[in-house]
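Asker: Mind looking over this structure? Questions follow.
The values are calculated or read from the model by the stated rules, or taken from the named source; none is laboratory data. What you see is a predicted model, and the numbers here were worked out from it, not measured in a lab. Heads up, the Cβs are rebuilt from the backbone with ideal geometry, glycines too, and the neighbour counts pull from every protein chain shown. SASA here: full protein model, heavy atoms, side chains in, ligands and nucleic acids out. Shrake-Rupley method; radii C 1.70, N 1.55, O 1.52, S 1.80 Å.
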Amino acid sequence: MRPSETNRSGEPYESEEQEPPSGADPGSPAWELLLPAASAPARARGRSLQAALREAVRAGRLAPGTRLPSSRDLAADLGVSRGLITEAYEQLTAEGYLRSGRGAGTWVGGAVRAASPRARDLAPRLPGARADFVPGTPDLSLFPRAAWAAAQRGVLAELPHHDLGYPDPRGLPRLRTALAELLARRRGVVADPERILVVSGVAQATTLLGFALHARGLTAVGAENPGSPQHDALYAAAGVATVPVPLDDEGLAIGPLRDSGVRSVVVTPAHQFPTGIAYSARRRAELLDWARSVDGFVLEDDYDGDFRYDRAPVGALQGLDPERVAYAGSVSKSLAPGLRLGWLLVPEALADEVIERKRTMDLGHPTLDQALFARFVERGDYDRQLRRCQRAYRDRRDTLVAALEEHFPGSAVSGIAAGLHVIATLPLRYGPEKHFLARVADAGVMVRPLEDYAHATADIGGSKDVRLVLGYAHLSPTRIRAGVRLMAEAVRG
């Protein structure tokens, strides 16, 4: 045996047929990666060694083809029993991280690819903005942490063990009952707890309805134009195409709706997004007459129906005909979108398909979250949160309107006093719109024009005015005033 074929202790390798690693010290540096694991408590040492060795292979610190020291040699270097090393080698060989053969030593396998160095955050962000008026975001600092934590403690103390099993796909009866009372009282819906589903926000509600429509042979749905940009992708995921239908001053235009040939339509009647109008009583009645005449459905997205500042909110369309209107809402604007918590009220004709689709999609919403929100509603905490948000958002809307009047004389704000955004039309002298948008963007101010919410083929007025959809709920009054001033300085500079 050649002297080079010994380990650091001067002993031969476990098999005389083994060869020392090419281009490296036979006592591989692998042990240096394992030192922290080797000092773990005795009970956890074996698992820690396996995890550290596995991670070293995944991360590429031990490259494919690298030969590892013998179990005796590595055990001596680390000061652990040889059995722990043998067990680690055997376990990782079984998993495919290592390979070995009788008399051939142990090597890093070639099946493993280096893991990504870090997890990316794909949450929507607008980096670098000095002022962000992009609509759709509530003020997350208003989230009621203390009340939410108290509700969580209460739920964990009282929740029966069996409620931690797979839930009814519609949701916990306790929450569906609480939601039925809340929505009937605040939004005027006809709320049968048996036909309420707890969902992961309006997005999941929309997709579930899309699947239910597709199952009935309805492969197209009408959509407001301009309207929410999310509807197209959500319905497309269920195999349902969206057909743009224009608006007039009262809401969705009924003539074009009839001409479109669709038998279902998604609408935002309490506060149309993005134009900010509320559907007239006449248009609501005409829309329901249309649905009955084509044996179709109206899909009501009540995304911010609780936030009306000049009068009581208009009740939901669903209350007029619960067998023709599916109703969806969520806590995304009132609490936080990250909770992924919403509700869907379905007509009887769609209920079975929607419930079964919900069951196969995710086996139901998390029970702890449901029980927590039920308690939050039952104890009046949700009503208090809504009042708190209404006060804050009304003040911010008033601040935005006043700042526009001060810095952009002659501008006009359209739509009802509601929701989390306004439509601001600036005079011709601030245009053309393309140049306005470029200059405010260069100044670090993020805004969206109304045309961003229209289908590419649509004409939403043809005016040369600058028409902006300005979100304000997530901005303090100070930041609103500063942001409008920055816009004005950008276009005048």
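Asker: Taking the Cα centre of segment 382-493 as origin and charging only Cβ (+1 Lys, Arg; -1 Asp, Glu), how large is the dipole, in debye to the nearest 20? All intermediate terms of the calculation are to be shown ahead of the outcome.
Answerer: Details: 17 positive and 12 negative charges, 91 e Å.
Computed about the Cα centre, the dipole is about 440 debye.
Asker: Sorted by accessible area (1.4 Å probe), largest first, how do Ile416, Ile85 line up? Mind dumping the intermediate values first?
Answerer: Details: Ile416 35, Ile85 5 Å².
Correct descending sequence by accessible area is Ile416, Ile85.
Asker: Still on this structure: Towards the positive end of the charge dipole of the chain, with charges on Cβ (+1 Lys, Arg; -1 Asp, Glu), say which of Ser70, Pro229, Ala184 has the farthest Cα.
Answerer: Ala184
Asker: As a test of reading the structure, rank Arg375, Arg384, Arg394, Arg176 by solvent-accessible area (1.4 Å probe, protein chains only), most first.
Answerer: Details: Arg375 40, Arg384 115, Arg394 90, Arg176 5 Å².
Of Arg375, Arg384, Arg394, Arg176, the descending order of accessible area is Arg384, Arg394, Arg375, Arg176.
Asker: Using just the Cα positions, wrap segment 342-482 in a convex hull and report its mean projected area in square nanometres, one decimal place.
Answerer: Numbers: hull surface 52.3 nm².
The Cα convex hull of segment 342-482, projected and averaged over all directions, gives 13.1 nm².
Asker: Rounded to the nearest 500, what is the 222 nm mean residue ellipticity of the chain from helices alone, with -39500 (n - 2.57) per DSSP H run of 4+ residues and division by all residues? Write down the numbers at each step before the final one.
Answerer: Details: 15 runs with 200 residues, N = 493.
Computed ellipticity for the chain at 222 nm equals -13000 deg cm²/dmol.
Asker: Using only the heavy atoms of the protein chains and a 1.4 Å probe, how would Met487, Met361 rank by accessible area, largest first? List each step's numbers first, then the result.
Answerer: Working: Met487 0, Met361 80 Å².
Accessible-area ranking of Met487, Met361, largest first: Met361, Met487.
Asker: Output the relative contact order of segment 293-422, whole-number percent, from Cα pairs under 8 angstrom with separation of 6+ residues.
Answerer: Numbers: 113 pairs, mean separation 33.4, N = 130.
Relative contact order comes out at 26 percent.
Asker: Sorted by packing (mean other beta-carbon atoms within 10 Å per residue), highest first, where do 224-231, 350-357 land?
Answerer: Details: 224-231: 21.0, 350-357: 18.8.
Descending mean neighbour count gives 224-231, 350-357.
Asker: Go through Gly83, Val108, Val266 and say which Cα lies farthest out towards the positive end of the charge dipole of the chain; charges sit on Cβ, +1 for Lys and Arg, -1 for Asp and Glu.
Answerer: Value computed over the given set: Gly83.
Asker: May I pose another question? What residue among Thr93, Leu172, His161 has its Cα farthest toward the positive end of the dipole of segment 89-192, where the charges are +1 on Lys, Arg and -1 on Asp, Glu, each on the Cβ?
Answerer: Selected residue: Thr93.
Asker: Once both labels are modelled 7 Å past Cα along the beta-carbon direction, what's the Ser260-Thr360 spacing in nm?
Answerer: 2.7 nm
Asker: What's the magnitude of the charge dipole for segment 140-203 around its Cα centre, counting Lys and Arg as +1 and Asp and Glu as -1 at the beta-carbon? Answer in Debye, nearest 20. Mind showing how you got there, number by number?
Answerer: Working: 9 positive and 6 negative charges, 59 e Å.
Rounded to the nearest 20 debye, it is 280 debye.
Asker: Note down the net charge around Pro477, summing +1 for each Lys or Arg and -1 for each Asp or Glu among other residues with Cβ under 14 Å from its Cβ.
Answerer: Numbers: positive: Arg391, Arg394, Arg396, Arg397, Arg479, Arg481, Arg485; negative: Asp139, Asp395, Asp398, Glu406.
Charge balance in the 14 Å sphere: +3.
Asker: Provide the gained length on full extension for the span Arg153 to Arg216, in nm with one decimal, where the gain is 0.36 nm per separating residue minus the Cα-Cα distance. Walk me through the numbers before you get to the answer.
Answerer: Numbers: separation 63, 0.36 × 63 = 22.68 nm, distance 4.40 nm.
Answer, rounded to one decimal: 18.3 nm.
Asker: On to the next question. Along Cα→Cβ, 7 Å out, is where each label goes; now give me the distance between the ones at Arg388 and Leu368 in nm to one decimal.
Answerer: 2.2 nm
Asker: Placing +1 at every Lys and Arg Cβ and -1 at every Asp and Glu Cβ, with all other atoms neutral, what dipole size does the chain have around its Cα centre, in debye to the nearest 20? Don't skip to the end; give the middle numbers.
Answerer: Working: 61 positive and 60 negative charges, 236 e Å.
Here the size comes out at about 1140 debye.
Asker: Follow-up question, since we're still on this one. Considering Cα pairs under 8 angstrom that are at least six residues apart, work out the relative contact order of the chain and quote it in whole percent.
Answerer: Values: 842 pairs, mean separation 81.6, N = 493.
After rounding, I find 17 percent.
Asker: Below 8 Å, C-alpha to C-alpha, sequence gap of six or more: please give me the relative contact order for segment 242-367 in percent. All intermediate terms of the calculation are to be shown ahead of the outcome.
Answerer: Details: 168 pairs, mean separation 22.4, N = 126.
In percent, rounded to a whole number, it is 18.
Asker: Quick check on packing: order 418-424, 47-53, 89-95 by the mean number of other C-beta atoms within 10 Å, highest mean leading.
Answerer: Values: 418-424: 24.1, 47-53: 19.7, 89-95: 16.3.
In descending order of packing, they fall as 418-424, 47-53, 89-95.
Asker: For the chain, what value does the Rg/Rh ratio take when both radii are computed over Cα atoms and Rh is the Kirkwood radius, given to two decimals? Numbers along the way, then the final one.
Answerer: Working: Rg = 31.0 Å, Rh = 27.0 Å.
Ratio of gyration radius to Kirkwood radius for the chain: 1.15.
Asker: Hey, another quick one. What number comes out for accessible area per residue over segment 269-387 if the probe is 1.4 Å? Units Å², please. Intermediate results must be reported in sequence, preceding the final value.
Answerer: On the way: 4140 Å² over 119 residues.
For segment 269-387, the per-residue accessible area is 35 Å².
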